[in-house]
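Peer 1: Once you've had a glance at the structure underneath, I'll fire off some questions.
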Amino acid sequence: MAKDKFYITAAIDYANNVPHLGTAYEKVCCDIIARYARLKGRDTFFSMGNDEHSQNVHKGATQKKVSAEEFTDGMAKIFRDTWNGIAISYDRFVRTTEEGHTRAVNEIFRRISEKGDIHRSKYAGWYCVSCEGFLKEEDLVDGKCSAHKMEPKWIEEENLFFALSKYADPLLRHIETNPGFIRPESRKNEIVSFIKGGLSDVSVSRSGVSWGIPVPSDPGHVFYVWFDALINYLTAIGFPDDEELFSRYWPADIHVIGKDITRFHCILWPAMLMSAGIELPGTIFGHGFVTFKGERMSKTLGNIVEPLDLARKYGPDSLRYYLSREVVFGKDGDFSWEQFIQRYNSELANDLGNLVSRTCGMLKQYFDGNIPPESERADVSVEKMREVCREATEAYFKAMDAYDLHIGIAEVFKVVRAANRYIEESAPWALMRKDGGKREAAGVLFTVSEVLRNTAVLLFPFMPVKAQAIWETLGIKEEISSDHIERSLVWRDTWDGLSAGISTLTPLFPRIEPEDHEPPPKEKEEMLLDFEDFKKLDLRVAHVKSATMVEGAKNLIKLHIDIGDEERQIVAGIAGHYAPETLVGKNIVVIANLKPATIRGVESQGMLLAATDGDDVIIVVPDKDAAAGSRIS
C-alpha cells in the first residue's frame, strides 16, 4: 500500500540579498512541518529555492559588474549554505534560471493561451521595483509602496495580459467550499474582500526588459517575474518532464508564504492553475513577519540578524527553537537578543540541558553508566509521569496537525519540566542512601531516561541535531525515524526502548553569559544636534587607494584611503552593493574623527558616508573632484 503523500513548499527568495532571520523563519517553519510529516511516515517532498529573474537581481549583478548568471550562481551557494547551516531538510532547491523551469513556464503559458485567457493590452500605472508588483492607487500610502516605503515608478507598456477577472467567481466558490484553502482566517478574509472588490486582468509579460524567460510568441517580451516564479511549485516536482513524479506529489498540500505576497498566491496562482486545467493546492498559509524591535529587518535600517552567524555561535537548534517557540505561526513576532538569551538559558540550558545532564550523571555515578534492567528497578510513581506524557503527546499531535507549531513545542517542554519535578520529588540521591533504596533510584532514573528517549522523538522536527544527540547520549545508535513514533512513544502501554549504556556526556546547551553574546544592533534614535555639536564632525574628502573584502565576512570591505595628511583604513558594510574593485580610485566622504573601532578583527579608523534608497546603499561622493583631505563644512 502506497504511503500517504505530503508536498510542502516554501516561497522562493529573491536572490539579490543574503538571507536574514526574517527569511529564515519561513524556512524553519516549513522544515518543522516537513520533518513532522516524515516522522509520521508520510511520503514527504519539501521544495524551496531562489527567484532569479527579478529586476532587483539584475540590478545587483550590474552593481557588482558581473553577469546575472554569475551573480545568481554565487547567491544560490550563499542561500544553500545558509539553509544547510540551520538544518533545513529540503528535497529540491529550485532556481528559476534552470532549463526545466523554462519548459514549465512555456507549457503553462501554452495551456492558458489555448484556453483563450491571454490577450494583448496596454498597461499604464504604478510599479514597485522592490516587490516587483503592479500597484493600484489605493495600495499606496502617502504615495509610497506600503511594504517598502518607497515611491513606485509610473510605467506604460504594451504587454500580454492574463484574463484574471474571468476567475473572480470561480475563486470565491472554491474558497467558500474549501474552508482550509487560505489560512489563517484573517488572510482568507482579506483575500475574499479583495476579490469582491473586483479583479482586473494582469500583465504576464514585460517589454524592454532583458533579464527573464523570453515569451516564445513575442520577441522583445519576457515573462513577468511573478508569472514565472509561481510556476516553480510545479517545476520542483518534475512538471512537465517527469509525469510520474508530478502525479505522485501534486497537488501541493501546503504552500507556506509571507503575508505580503498572499494576493499573488491566493488569487493569481489558483486562477492560473484553473486556466491551465491543473488541480489547486490544498492550503495556502500566509505567515507573519519576524521583526527586530518592531521593524522589518532590512540592510537599510542596519538591523539585520544573519541566521548563519547566529547558528554558528549558538547552534542551529537554538535558533530553530526560539523561532518556533516565540512566534505564533500565522502572526507577527519580534526578535530581541535579550529574549533569545533568556529562553536559551532558561528553557534550553536549565530545563532540557539540565535534565539530560543530571539523569546521565546519576546513571554514571550510581549504575556505572548502564540502564538498570527491569529485575533491578522498582516502580516509583511511574504512572503519574506516564499520564503527563500521554496528555502532552496527544496535545502535541493535535497541535502539529493543525500547524500550531508554538503549541506543539510548548507541549514537549511541559514534559521536560514535569520530568525535572519528578526527579526533585523522588530524589534518587536520597534513595541511594537508604537501605533498599537502590532499586527505587533505578526505577526513577529508568523512567526519566524513557521520558528523554521519547521526548527526543517529539523534539526531532524542531531540534533535529540535539534530539539525535540525546538519543546517542542514551546509548541509542540508530537515527530517529518514523518507526520510533509508531512503536515506542510514551502513550504506548510499555516503556522498553532502552538497554544500552549511556555514552560520553557533553553539555547540550552551554549557558550564555552576558559578556559572551554579540550586542544587538543599536536602535535608531532621532535627535536634534546643536550647530556646535555638528561642527565637531571632521568630514573630509578621501581618495580610495585600495579595497578588499574582510576575510570571513560577507558584507564588509576594507578600504585603504588617503585623507590628505595621512593614510588610514576604514571598514564599510557595502559589499552587497559595491564590488571592492569598483571603489578603487574614487573620492568618497568620510568622518575622520571617530574613535577607532575593531570590526571582525580589523581596525576601522573612520566611517564613510552613504545614503539609502529603499534597500539600496549609495556612497556619497563629491560633486566635483577635490583634493584628498579637503574638509566639508
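Peer 1: Residues Glu158, Glu107: which one is at pLDDT 75 or above, surrounded by fewer than 21 Cβ atoms within 10 Å (Cβ to Cβ) and in a strand (DSSP E or B)? Explain how you work it out, then say what you get.
Peer 2: On the way: Glu107 fails: in a strand (DSSP E or B).
Residue meeting the stated conditions: Glu158.
Peer 1: Taking strands (runs of 3 or more DSSP E) that do not extend beyond the range 572-616, which have at least 2 residues that are of a type in the set (A, V, I, L, M, F, W, C), touching a Pro at 6+ places or on another chain (Cβ under 9 Å) and modelled with pLDDT of 85 or more?
Peer 2: Output list reads 587-591.
Okay, residues lined up against (1) under 28 Å from the mean Cα position of the chain (by Cα); (2) surrounded by fewer than 19 Cβ atoms within 10 Å (Cβ to Cβ); (3) within 13 Å of His53 (Cα to Cα):
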residue	(1), (2), (3)
Gly180	yes, yes, no
Ser186	yes, yes, no
Asn189	yes, yes, no
Ser193	no, yes, no
Ser217	no, yes, no
Phe223	yes, no, yes
Asn232	yes, no, yes
Ile237	yes, no, no
Ser247	no, yes, no
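Peer 1: Another question, then. Sort through Pro270, Pro251 and tell me the only one that's at pLDDT 95 or above, surrounded by fewer than 18 Cβ atoms within 10 Å (Cβ to Cβ) and more than 19 Å from Pro19 (Cα to Cα). Can you show your working first?
Peer 2: Working: Pro270 fails: surrounded by fewer than 18 Cβ atoms within 10 Å (Cβ to Cβ).
Within the list Pro270, Pro251, the selection yields Pro251.
Peer 1: Something else now. Please specify each residue of the range 232-274 satisfying the condition of being farther than 19 Å from Glu26 by Cα, not charged (D, E, K, R) and not in a helix (DSSP H, G or I).
Peer 2: Ile237, Gly238, Phe239, Pro240, Trp250, Pro251 - these are the residues of the range 232-274 that are farther than 19 Å from Glu26 by Cα, not charged (D, E, K, R) and not in a helix (DSSP H, G or I).
Peer 1: How many residues, within the range 89-103, are basic (Lys, Arg) and surrounded by fewer than 18 Cβ atoms within 10 Å (Cβ to Cβ)?
Peer 2: The number of residues fulfilling the criteria is 2.
Peer 1: For the structure I just gave you, tell me whether Asp81 is among the acidic types (Asp, Glu) and either buried (at least 22 other Cβ atoms within 10 Å of the Cβ) or in a loop (DSSP other than H, G, I, E, B) (or both).
Peer 2: In short, no.
Peer 1: Would you confirm whether or not the range 303-323 contains a residue that is under 19 Å from Ala419 (Cα atoms), under 20 Å from the mean Cα position of the chain (by Cα) and in a helix (DSSP H, G or I)?
Peer 2: No; the residues of the range 303-323 include none that is under 19 Å from Ala419 (Cα atoms), under 20 Å from the mean Cα position of the chain (by Cα) and in a helix (DSSP H, G or I).
Peer 1: Evaluate the range 339-350: report whether one residue or more is over 28 Å from Phe285 (Cα atoms) and part of a loop (DSSP other than H, G, I, E, B).
Peer 2: Checked against the condition, which is being over 28 Å from Phe285 (Cα atoms) and part of a loop (DSSP other than H, G, I, E, B), the range 339-350 yields no hits at all.
Peer 1: Among all residue pairs at least 6 apart or on different chains, which show Cβ distances below 9 Å where the first residue, located in the range 530-542, is in the same structural domain as Asn587 (by TED's automatic domain parsing) and the second is at pLDDT below 65 and of a type outside the set (S, T, N, Q)?
Peer 2: none
Peer 1: Could you go through the range 556-563 and let me know if any residue there is over 28 Å from Glu306 (Cα atoms), outside any strand (DSSP E or B) and not aromatic (Phe, Trp, Tyr).
Peer 2: Within the range 556-563, one or more residues are over 28 Å from Glu306 (Cα atoms), outside any strand (DSSP E or B) and not aromatic (Phe, Trp, Tyr).
Peer 1: Follow-up. Suppose we filter Ile588, Ile574 for residues that are crowded, with 20+ Cβ neighbours inside 10 Å and within 25 Å of the chain's Cα centre (by Cα); which single one remains?
Peer 2: Ile574
Peer 1: Inspect all residues belonging to the range 69-78 and state whether any of them is among the small types (Gly, Ala, Ser) and either modelled with pLDDT of 95 or more or within 27 Å of Phe285 (Cβ to Cβ) (or both).
Peer 2: Initially, the range 69-78 is screened for residues among the small types (Gly, Ala, Ser), giving 74, 76.
Filter once more, keeping what is either modelled with pLDDT of 95 or more or within 27 Å of Phe285 (Cβ to Cβ) (or both): 76.
Yes, the range 69-78 contains a residue that is among the small types (Gly, Ala, Ser) and either modelled with pLDDT of 95 or more or within 27 Å of Phe285 (Cβ to Cβ) (or both).
The values are calculated or read from the model by the stated rules, or taken from the named source; none is laboratory data. Since this is a predicted model, take the numbers as computed values, not measurements. Note that we place each Cβ from the backbone using ideal geometry, even for glycine, and neighbour counts take in every protein chain shown.
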